[in-house]
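> Please see the structure below; I have some questions.
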Amino acid sequence: MVIKLTNVDKIYVNGEIKTNALKAVDLTIESGEFIVVLGPSGSGKSTLLNVLSGLDVPTRGTIEVHDVTISNMSQKELTKFRRDHLGFIFQQYNLLSTLTIKENIALGAHIAKDSFDIDELLEKVGITDQKDKFPHQLSGGQQQRVSIARALIKKPLILFCDEPTGALDESTGKDILKLLNTLNSSYKTTVVLITHNPGIASMADRIIKMNSGSIVDIIVNKDKVQASDIAWS
Amino acid sequence: MLFLNAIRSLKKRSFTILLLGLIIILSGFIFVSVHYSINAIKAPSETYFEQYNQEHFNVIMSQILSEEEQDLTESVLSEKLRSLNEVYGQDIDLFNDIITQRTERFMVTYDATHVEARIAKDIYYNRFGAQHLMRILKNSETINQSFIYRGELPKDVHEIALVINYAEANDISIGDTLTLQGHDYKVSGFVFFPDYSLAVLGNEFIINNSTRTLGLLSDAGFERLQGDITVDLAGIFIRDVNRSRYFDAIQEDFILNIALTENTMRSGAIYEELRGGEAMGLLMSLIIASMAIFVVGLMISRILSEQRGAIGILKALGYRNHEIIVPYLMFIVLIALPGLAIGYGLGFLAAEPLKNIYIGIYLLPNSAIEHSLPIFIISIVAPLLTMLVLGYFVIYRLLKVHPIALMHPKVDAPKQWINSPKLKRNTPLLKRLKHAYILRNKPRFMVYITGVLTATILILMSLSMVNVFDRMIDGYQNSIDVNYMGYCDSLGGCPSETQTVDKVIELPHVLLNQTPVTAIGLDPNNHFHPLFEKDENITYRLNQQGIIITKTIALEHKISVGDMVEIGYGTDKTSLKVVGIQEEYGAPKFYVNREALSLVVTRNSTEYYNVVYANEALTGTYIQEVDVQDIVEQAKVLGQLGNVMSYVLIAVSMSLGVIVLMLITSMSLEQYFFDISLFKVIGYTESEIRSIFINTYRLYTVLVYLFAIPITQVSLGLITHYLATQFGMIFPLQLRVIDGIVGLVIALGIYYLAIPIANKKLNRLSLQQAIQIYQST
Ligand SMILES: Nc1ncnc2c1ncn2[C@@H]1O[C@H](COP(=O)(O)OP(=O)(O)OP(=O)(O)O)[C@@H](O)[C@H]1O
Ligand SMILES: [Mg+2]
């Protein structure tokens, strides 16, 4: 078991308005799993991911990662934890425009205790030829590969992806998913992926369905399909 | 709606706007306070100089009689007299004849002038334990008329008119009684004397108005007080001539020196100082105002680039440019107007105390501070308009972009230099990034550099001025053991003295290379007044044939040991070698063997002396007894005033530096918000992130400071040179190592004071919020 959530609540308070974004969530994620979180907009997917990964703290409940309780850690400890164990990929690629591709990836390596060889990783995510270019000279799919490489370079235990294909077309999106799949199987990296796109669920080990802040269903997927074979919508 | 949007963008930046407001206030404050205070002095002073016919120049005459004048005294009094003072004591009519001859000769030689003799006595007296020095004068006829601005002129022997600064400092009102040499004088009124009358008093630039002053007496009251007289000529030009060249060849032997008022430290300097103060205030406020204007421009362009998408959509929807622009312009007015108004108001309030500091040092007529429309316009309307025009320009440029282009995010083109192959090879990635983050936004970087540079230069200058007066007198005062000086009656000679004393000759108005200086005759084996060149005791050199000059003369005339100088005394002229340079600033002097000087004065005796120097209080009766320590204390009090002003300037400059640095870091954090949160998400610690985005400012602040050092050095050199050539004043204005160290500490202080807020802001930047903003863009 990698991650364990027990009775987690997240309430956003904005002046008078309170939003109960997570309600009594219980969830366990096993090591090496490929998890897809599905749900309509506003159902609390991103909130779940932020809380899972220590980017944000829950209002109530406990979160254990690798038997470490992170829900009551200080910001400092959380930073250390993220730095050592977690990788992130977002819909927006968030690359530094003044640095080359290789340098953007090096930013991730810089703080890692143990990291992959950059050139090997560039090869793996298929952007070796682009390594000396700048972000704005790359396509969206290529930029997303860079941010994947940046997340992976420090050998994270878990990779969190919030709509990684949200801004991409079908074929590029599938390429990225294939890449994530490969990384999951070859490095045994646990992947938690959030999406609107129900088709992507078919490549998961388990599918977690959310609605208005609660987990409404957890489906174990017996017939995992290849990324290239999913139905894109 | 659009206006609401503008207000919201403002609210997000309330801290930055607060700092910007402070800068705007500071700029307006400096301009308004300096301008109003100086103008309340300048205009009334000019009127006074005109209406009361104040002198254009002053002629220092030899107090020694020429050969013919001496012959004249012999023929009239059947005794050969040698000085004007002696003649004045024995035959006033003869004295008047000699003076009339001199003035008439002067006006024949220099026919563009009119001159009038002015007789003064300097008297020392004690008031509540403190020693006061008063130069007393009689009312004059045409030139330098007395301006009584309260009470009336002294009518009889029992009345005196005083300078108001002195009266106020000593709690003396009209009608009070003042006792001088045992005679009571009733204060009849307050008179206004211009500063050049004071200049001769002790030859000091800074005059303590509470212990050194001028008194106006009736003729009878003047005669009643004992003391040597000095006579000089006050002159005005009656024709247009080239004043600065007019006296180039001094032709009359009784003239020691002619000083134009405009070149006199205490009077000409008033104008220079007022002009300089005004220019300096204007420059400072312009620098600060342009920083403020830049910051407004930067802020607008930041907000716009944040909202380019939204603006693109508005344009696509068919909004007209001016409909989009107006809310932003309103917003500039909202930011700038309160700051400008507060700056004006505070400046107006500060003008009065500032004026009082000036007139506390210089005796100047002044008027009340009043609002003036042009100043109001210049300080409020002009900067506001500039900001609006600049804002309009920035917005307009953006709006010219096609709506579609606006809706796509703008990419910062990668900067060439941080990716130059050479830099890449030698510099680690994060290091390059750090510098790129500071340098990338050029206008912001310029504001930062300007702010910190201005602040550090001002700080260094102030540091070099701290204790400058102490430094000028301390070295000298510590080297001597003279605590009391007794000035003997030139007619009666010196009394016998039971204390151990050094016999000394003090001879003012001796010419050294055509400039009047004071000659001091000292014995080589004197007890209390050794001479030092740097740290070497050079008193023995008084045995040599030659003179020892002070540092002041050495610097002013660029004279070194071994040089020959021309010395003139009355009609005698001789060439002498400089055998040493005494470590002493202040009034120009030279030291010479007393016996040799005695021979010059008496022509046949080596026994003459007119002053005694002692370590213990004197027992004999002297015309004047000077308590040296007392004078040193007085000078120190004024030195302290100077120090307070330096400290105020340091504090103001430091605040300027802190505000600018706070503003810059806070704007920079706003701009790099995304990058910072990215670093946070990746797992960079707060201290790592601080070192990328903030700590680099420490390095740059130190660099800017180091750059400020040579600039300050050069400026101080120029100021010293200017004061020396224009006014003959030598100030040891220079940066010492200790100033450099203190300056560095202050520069770092600026950094450490400014940075905590930025750090807090950086730490507080919430990840969750940052990610959400990512997701929504
Ligand atoms: N910072 C916040 N302050 C207040 N409410 C918030 C905040 N962040 C999220 N919420 C609310 O919490 C709920 C869950 O939001 P969340 O972003 O987790 O949804 P999501 O499932 O990721 O939606 P989407 O698919 O659109 O990204 C929403 O109702 C949202 O409005
Ligand atoms: Mg979401």
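Any read-out appearing in this document is the output of simple, stated calculations on the displayed coordinates, not a laboratory observation. Nothing here was measured: the structure is a model prediction, and the numbers come from that model. Positions of Cβ are backbone-derived with ideal geometry, glycine not excepted, and every protein chain shown enters the neighbour counts.
> Once the Cα atoms of the protein assembly as shown are picked out, what are the Rg and Dmax in Å?
Answer for the protein assembly as shown, Rg first and Dmax second: 41.5, 142 Å.
> Percent relative contact order of chain A, based on C-alpha pairs within less than 8 angstrom and at least six residues apart?
Value for chain A: 27 percent.
> Using only Cα atoms, tell me the angle between helix B:767-776 and the longest principal axis of chain B; keep it within 0 to 90° and round to the nearest 10.
Long axis of B:767-776 versus the principal axis of chain B: about 60 degrees.
> May I pose another question? How far is helix B:737-764 tilted off the main Cα axis of chain B, in degrees rounded to 10, range 0 to 90?
Approximately 20 degrees, to the nearest 10.
> Still on this model: For chain B, what does the helix formula give at 222 nm: sum of -39500 (n - 2.57) over DSSP H segments with n ≥ 4, over the residue count, nearest 500 deg cm²/dmol?
For chain B, the value works out to -18000 deg cm²/dmol.
> Be a star and scan segment B:150-173 for residues whose amide nitrogen sits under 16 Å from the point 7 Å along the Cα-to-Cβ vector of B:Val644.
From segment B:150-173, the list is B:169-170.
> Okay, helix-only estimate at 222 nm for chain A: each DSSP H run of n ≥ 4 adds -39500 (n - 2.57), divide by all residues, round to 500 deg cm²/dmol; what do you get?
It comes out at -9000 deg cm²/dmol, rounded to the nearest 500.
> Report the local net charge at A:Gly213: Lys and Arg +1, Asp and Glu -1, summed over other residues whose C-beta lies under 15 Å from its C-beta.
+2
> Okay, moving on. Need one number: nm distance between label points at A:Asp114 and B:Leu18, each 7 Å from Cα along Cα→Cβ, rounded to one decimal.
It is 4.8 nm.
> Express the Stokes-Einstein translational diffusion coefficient of segment B:51-268 in µm² s⁻¹, to the nearest whole number, given a Kirkwood radius over alpha-carbon pairs, 25 °C and a viscosity of 0.890 mPa s.
For the chosen part, D equals 133 µm²/s.
> While we're here: When a/c is below 1.5 the answer is rounded, else prolate if a/b is larger than b/c, else oblate, so apply that to segment B:692-770 with a ≥ b ≥ c taken from the square roots of the Cα gyration tensor eigenvalues.
Here segment B:692-770 falls in the prolate category.
> Right, next: Once you have the alpha carbon radius of gyration of segment B:623-684, what is it after dividing by 2.2 N^0.38 Å, with N set to its residue count?
Here the Cα radius of gyration is 2.44 times the empirical estimate.
> What nm value, rounded to one decimal, do you get for the distance between B:Gln145 and B:Glu323 when each label is placed 7 Å out toward the C-beta?
Inter-label distance under the simple model: 7.3 nm.
> Right, something else. At R0 = 30 Å, how high is the FRET efficiency between B:Ser560 and B:Asp481 if r is their beta carbon distance? Nearest 0.05 is fine.
0.55
> Rounded to the nearest 5, what is the percent of antiparallel bridges among the DSSP beta bridges in the protein assembly as shown?
So the antiparallel bridges amount to about 70 percent of the total.
> Let me ask another. Enumerate the calculated ³J(HN,Hα) couplings along segment B:102-116 in order (Karplus 6.51 cos²θ - 1.76 cosθ + 1.60, θ = phi - 60°), each rounded to whole Hz, writing x wherever the residue is Gly or Pro.
So the J values, rounded to whole Hz, are 5, 5, 5, 4, 4, 6, 6, 5, 10, 7, 8, 10, 10, 10, 9.
> To the nearest 0.05, what FRET efficiency results for B:Arg8 and A:Lys18 with a Förster distance of 25 Å applied to their C-beta separation?
0.65
> Do you know the relative contact order of chain B, to the nearest whole percent, from alpha carbon pairs under 8 angstrom that are 6+ apart?
So the answer I get is 16 percent.
> Nearest 10 degrees, 0 to 90: what angle lies between the long axis of helix B:442-465 and the longest principal axis of chain B (Cα atoms)?
Compared with the principal axis, the helix lies near 20 degrees.
> Evaluate the relative contact order of segment B:500-614 (contact order divided by residue number), counting alpha-carbon pairs under 8 angstrom at least 6 apart; express in whole percent.
Computed value for segment B:500-614: 36 percent relative contact order.
> Pairwise over distinct Cα atoms, reciprocal of the mean inverse distance: report the Kirkwood radius of segment B:428-521 in Å, one decimal place.
It is 20.1 Å.
> Between B:Val401 and A:Ser214, with labels modelled 7 Å along Cα→Cβ, what's the label distance in nm to one decimal, could you check?
So the two model labels end up 4.7 nm from each other.
> How big is the Rg/Rh ratio for chain B, C-alpha atoms only, Rh by Kirkwood, two decimals?
In chain B, Rg relative to Rh is 1.09.
> A further question on this structure: Based on Cα positions only, what radius of gyration and what Dmax would you give for segment A:77-202, in angstroms?
Gyration radius and largest Cα-Cα distance of segment A:77-202: 13.6, 40 Å.
> Based on other C-beta atoms within 10 Å, arrange B:Val452, B:Val295, A:Val8, B:Val742 from fewest to most.
Ranking B:Val452, B:Val295, A:Val8, B:Val742 by Cβ neighbours within 10 Å, fewest first, gives B:Val742, A:Val8, B:Val295, B:Val452.
> Let me ask something additional. Rg and Dmax of segment A:3-229, using alpha carbons, in Å: what are they?
17.3, 53
> Something else: Taking a quarter of the surface of the Cα convex hull of segment B:235-391, what do you get in nm²?
15.1
> Taking the number of other C-beta atoms within 10 Å as the exposure measure, put B:Val501, A:Val216, A:Val57 in order starting with the fewest.
A:Val216, A:Val57, B:Val501
> Next question. Taking the inverse of the average 1/r across all pairs of different Cα atoms in segment A:86-147, what Kirkwood radius in Å do you get?
So the Kirkwood estimate lands at 11.7 Å.
> Can you list residues from other chains, or at least 5 along the same chain, whose modelled amide H is less than 5 Å from the amide H of B:Gln624?
B:Tyr487
> Same structure, new question: Place +1 on the Cβ of every Lys and Arg and -1 on the Cβ of every Asp and Glu in the protein assembly as shown, take the dipole about the Cα centre, and give the residue among A:Gly166, A:Ser147, A:Ile101 whose Cα lies farthest towards its positive end.
About the Cα centre, the residue reaching furthest to the positive side is A:Gly166.
> So what are segment A:45-136's ellipsoid semi-axes, whole angstrom, largest first, if each one is the square root of 5 times an eigenvalue of the alpha-carbon gyration tensor?
After scaling each eigenvalue by five and taking roots: 30, 15, 11 Å.
> Now a separate question. Based only on other Cβ atoms within 10 Å, what is the fewest-to-most ordering of B:Ile41, B:Ile172, B:Ile664?
B:Ile172, B:Ile41, B:Ile664
> Report, in debye and to the nearest 20, how large the dipole of the protein assembly as shown comes out about its Cα centre when Lys and Arg carry +1 and Asp and Glu carry -1 on their Cβ.
8300
> If you don't mind, there's one more thing I want to ask. If the label point is 7 Å along Cα→Cβ of B:Ala596, which residues in segment B:526-541 have backbone nitrogen under 18 Å from it?
Answer for this model: B:526, B:530-533, B:538-541.
> Viscosity 1.306 mPa s, temperature 10 °C: Stokes-Einstein D of segment B:500-614 from its Kirkwood Cα radius, in µm² per second?
Estimated via Stokes-Einstein, D reaches 114 µm²/s.
> While we're on this one: Between A:Glu33, A:Glu120, A:Glu64, find the one with the highest GNM mean-square fluctuation for chain A; connect C-alpha pairs within less than 10 Å.
Highest fluctuation of the listed residues: A:Glu120.
> May I ask you to compute the full-extension gain from B:Glu352 to B:Met330, defined as 0.36 nm times their residue separation minus their alpha-carbon distance, rounded to one decimal in nm?
4.5 nm is the gain from fully extending B:Glu352 to B:Met330.
> Related question: What net charge is computed for the residues neighbouring B:Lys12, neighbours being all others with C-beta under 15 Å from the C-beta of B:Lys12, Lys and Arg scored +1, Asp and Glu -1?
Net charge in that neighbourhood comes out at +4.
> Between B:Leu430 and B:Glu46, what FRET efficiency comes out of the Förster formula 1/(1 + (r/R0)^6) with R0 = 60 Å and r the beta carbon distance, rounded to 0.05?
The calculated FRET efficiency here is 0.45.
> Assign unit charges at the C-beta atoms only (+1 for Lys and Arg, -1 for Asp and Glu), then state the dipole size of segment B:448-583 relative to its Cα centre in Debye, rounded to the nearest 20.
Magnitude of the dipole: close to 400 debye.
> In the neighborhood of A:Val51, defined by Cβ-to-Cβ distances under 14 Å, what is the net charge if each Lys or Arg adds +1 and each Asp or Glu adds -1?
Here the count lands on +1.
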